[in-house]
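The values are calculated or read from the model by the stated rules, or taken from the named source; none is laboratory data. Every value quoted in this text rests on a predicted model; they were computed, and no experiment measured them. Cβ: placed from backbone, ideal geometry, glycine included. Neighbour counts: every protein chain shown. Ligands, DNA and RNA are stripped out before the accessible areas are found, and what is left, the full protein with its side chains, is counted by its heavy atoms. Shrake-Rupley method; radii C 1.70, N 1.55, O 1.52, S 1.80 Å.
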Protein chains: 2
Amino acid sequence: MKNPVRVTITGAAGQIGYQLAFRIASGQMFGQNQPIILQLLEITPALPALNGVVMELEDCAFSTLNDVIATDDANTAFKDSEYAILVGAMPRGPGMERNDLLQANAKIFTHQGKAINDNANKEIRVLVVGNPANTNALIASSNAPNIDPQNFTAMTRLDHNRAIAHLSKKLNVSSQNIKKMIIWGNHSATQYPDVDHVTVDDTSIKDQISDDWLKSDFIPAIQQRGAEIIKARGASSAASAASAAIDHMHDWVLGSAENNWVSMGVFSDGSYGIKPGIIYSFPVRCSQGSYEIIQDLSLTEFSQERMRVTEKELREERTAIEELL
Amino acid sequence: MKNPVRVTITGAAGQIGYQLAFRIASGQMFGQNQPIILQLLEITPALPALNGVVMELEDCAFSTLNDVIATDDANTAFKDSEYAILVGAMPRGPGMERNDLLQANAKIFTHQGKAINDNANKEIRVLVVGNPANTNALIASSNAPNIDPQNFTAMTRLDHNRAIAHLSKKLNVSSQNIKKMIIWGNHSATQYPDVDHVTVDDTSIKDQISDDWLKSDFIPAIQQRGAEIIKARGASSAASAASAAIDHMHDWVLGSAENNWVSMGVFSDGSYGIKPGIIYSFPVRCSQGSYEIIQDLSLTEFSQERMRVTEKELREERTAIEELL
């Protein structure tokens with residue numbers, strides 16, 4: 001057994017947190033030889049429910065779970081933390097404008113960024129799941145000047161997995177055989193799911209799908225999948241979001257598969273003309289806790305246009321909260 | 001990769017089902033080399049929610065999930081099924097007497113027992129989680145005469161795990177080092193959590209705990225743990241129940257650990273004087289899909305008395321639904 005690692009989950013008593021905590025504690029994120037100390041953060045009114053989660057975690061008697069800390073204090077939750085999954089965020093309430101939502105979440109992620117800066121392990125790797133995820137990650141990073149900005153990421157893996165699942169049905173092949181999917185941009189309805197580089201058994205799928213299907217079926221289906229699930233379940237995606245978060249952290253830390261890549265929201269370095277200063281989803285290759293943006297992919301005019309649309313949205317989000325950066 | 005196995009989950013859109021489906025689909029029950037076909041059963045009004053679960057399962061793009069079938073028809077859900085986890089049951093409503101609850105569930109499990117008999121693989125292994133679990137398993141088995149009664153079991157693994165977790169805190173040792181816990185009897189408040197044979201590092205723990213602590217703290221704590229969690233969460237145990245169900249099936253099929261045993265509700269064969277005709281939790285050793293009750297354990301007078309109390313409750317439950325057997 002290795003030394004235990006400290007993993008922080010915020011919003012840990014919520015629906016996503018309730019899925020995430022048990023899958024991480026059972027060893028699914030970092031493997032059966034990696035003991036975990038869970039550090040769970042909730043807002044004060046949710047502490048009784050969080051205590052119930054802690055009781056259930058104990059009752060699982062997981063061999064990979066060394067300890068659980070439950071708190072409403074961000075400084076405690078991020079103390080010495082090496083991995084953090086920031087799930088808790090303010091949901092959009094009735095009558096709330098997009099800008100109100102950005103501002104409300106900006107406060108949360110400013111506070112958590114500072115707590116990370118002041119308390120966490122300097123090598124901490126952060127995944128933001130709570131929406132607006134890309135801009136929340138930008139704010140958290142800006143408030144944590146002592147942590148490498150590359151260590152702040154936003155989740156587009158759920159969109160990436162959804163796109164693969166959708167292609168798997170369309171092409172009638174196992175999702176494991178579908179490689180080199182890309183989600184570009186924002187984890188929002190402007191995201192651009194790009195299949196131009198997708199292969200099945202090292203062969204492009206372009207002959208098997210039409211432009212019309214892509215534009216009128218596939219792209220809107222991926223962009224709107226979250227809303228479809230809310231309609232069916234009466235609640236937003238929780239288990240699949242938790243699963244994507246595990247995939248994101250697992251691949252970041254243990255490496256992405258050979259001859260493939262994954263999508264992650266990361267600080268733009270100017271690749272593909274996306275100006276720095278925003279967290280944008282790119283195709284990345286991961287190895288031993290670091291990642292690099294895949295370079296030199298050819299982009300059609302259609303792709304470039306879609307990539308600009310989602311970049312523009314992220315710029316607007318940035319402008320709305322710029323005084324906090 | 002092996003050939004896929006068919007796993008049925010009833011009540012699959014409920015809280016336990018929502019945890020169970022994803023952990024099984026991700027390979028945690030039978031391992032990463034065992035592809036799964038999930039067959040999910042729900043009552044008709046829950047089909048939209050179940051459809052949401054199916055969408056999310058697809059969106060996880062699990063390498064171990066080959067297919068998902070969602071239905072409100074028990075015959076479809078159990079068709080060729082090799083493993084079934086029966087979670088769906090009627091919860092106790094306001095003003096409902098214990099006997100009403102037994103009768104309401106008896107109908108459900110009579111119907112499902114017949115559907116298993118008529119449709120499932122003849123080697124199907126069944127775990128009943130829905131309460132009253134022991135007696136529900138008895139009814140299901142009685143209505144499936146073509147399936148070996150030994151293949152019907154009830155879950156006391158959650159109680160077993162809870163007891164280990166509680167001892168782990170008391171003795172300040174990892175739960176992995178606590179071996180030979182026993183839950184005797186019914187998965188109800190009469191269950192008897194017996195620590196007389198428990199070892200840590202092959203040494204009895206009897207010197208470290210007092211009779212008084214056992215009787216006034218430990219035993220009631222395990223018996224009432226479910227109620228404690230409801231109080232904290234405002235909802236009954238879901239993630240820990242799902243986790244225990246995975247442990248139960250995993251160990252049954254792949255074997256329990258060396259120099260240890262697990263607790264499972266199984267048909268009494270008369271061991272320890274428990275008369276046949278009821279499903280009673282015993283310590284069992286599992287290997288390659290079969291189990292044997294651990295024999296020749298010495299029992300104190302106190303233990304024998306507690307074992308009779310929970311046996312008596314199971315006899316009464318049997319009497320209440322006897323016309324259905």
Among A:LYS179/B:LYS2; B:LYS170/B:LYS206; B:LYS180/B:LYS206; A:LYS170/A:LYS231; A:LYS169/B:LYS79, which pairs are too far apart, with a Cα-Cα distance over 18 Å? A:LYS179/B:LYS2; A:LYS170/A:LYS231; A:LYS169/B:LYS79
Accessible area per residue, 1.4 Å probe, Å², for chain A: what's the number? 39 Å²
Given H placed 1.01 Å from N in the peptide plane, which residues other than close sequence neighbours of B:LEU65 have an amide H under 5 Å from its amide H? B:ILE36
Quote the relative contact order of the stretch A:5-154 in percent (integer), defining contacts as alpha-carbon pairs under 8 Å separated by 6+ residues. 23 percent
The stretch A:70-134, relative contact order in percent, only Cα pairs under 8 angstrom and at least six apart counted: 55 percent
Between chains A and B, what is the buried accessible area in Å², counting both sides, with a 1.4 Å probe and ligands, DNA and RNA left out, to the nearest 100? 3200 Å²
Can you give me the orientation-averaged projected area of the convex hull built on the Cα atoms of the stretch B:188-325, in nm²? 10.2 nm²
Sort B:224-234, A:92-102 by the packing proxy (mean of other Cβ within 10 Å over each peptide's residues), most packed first. B:224-234, A:92-102
P(r) for the stretch A:34-125, please, calculated from all Cα pair distances in 10 Å bins and given in %. 15, 39, 32, 11, 2
Shortest-first nm distances, B:GLY255 label point to equivalent points in other copies (7 Å, Cα→Cβ): 3.0
Output row for B:PRO91: copy-to-copy label distances, label 7 Å along Cα→C-beta, ascending, in nanometres, one decimal, is 1.8
Gaussian network model of chain B, springs between alpha carbon atoms under 10 Å - residue of B:SER256, B:SER26, B:SER175 with greatest fluctuation: B:SER175
Please list, ordered by chain and number, the residues whose modelled amide H lies under 5 Å from the amide H of A:ALA154; skip anything fewer than 5 residues away on the same chain. A:VAL128, A:GLY265, A:VAL266
Which residue fluctuates the most in chain A, going by a Gaussian network model with Cα springs under 10 Å, if the choices are A:ASP251, A:ASP212, A:ASP73? A:ASP212
Averaged over B:227-234, how many beta carbons belonging to a partner chain fall within 10 Å of each residue's beta carbon? 5
Under 8 Å for C-alpha pairs, at least 6 residues apart: give me the relative contact order for chain A, rounded to a whole percent. 17 percent
Report, for the protein assembly as shown, the % of DSSP beta bridges that are antiparallel, rounded to 5. 45 percent
Share of antiparallel DSSP beta bridges in chain A, in percent to the nearest 5? 45 percent
Using a 7 Å Cα-to-Cβ projection, B:GLY277 label spacings across copies, nm, ascending: 8.2
Computed about the Cα centre, the charge dipole of the stretch B:49-112 from +1 Lys/Arg and -1 Asp/Glu charges at the Cβ has a magnitude in debye, to the nearest 20, of 420 debye
With T = 37 °C, eta = 0.692 mPa s and Kirkwood Rh from C-alpha pairs, the Stokes-Einstein D of the protein assembly as shown in µm²/s is about 127 µm²/s
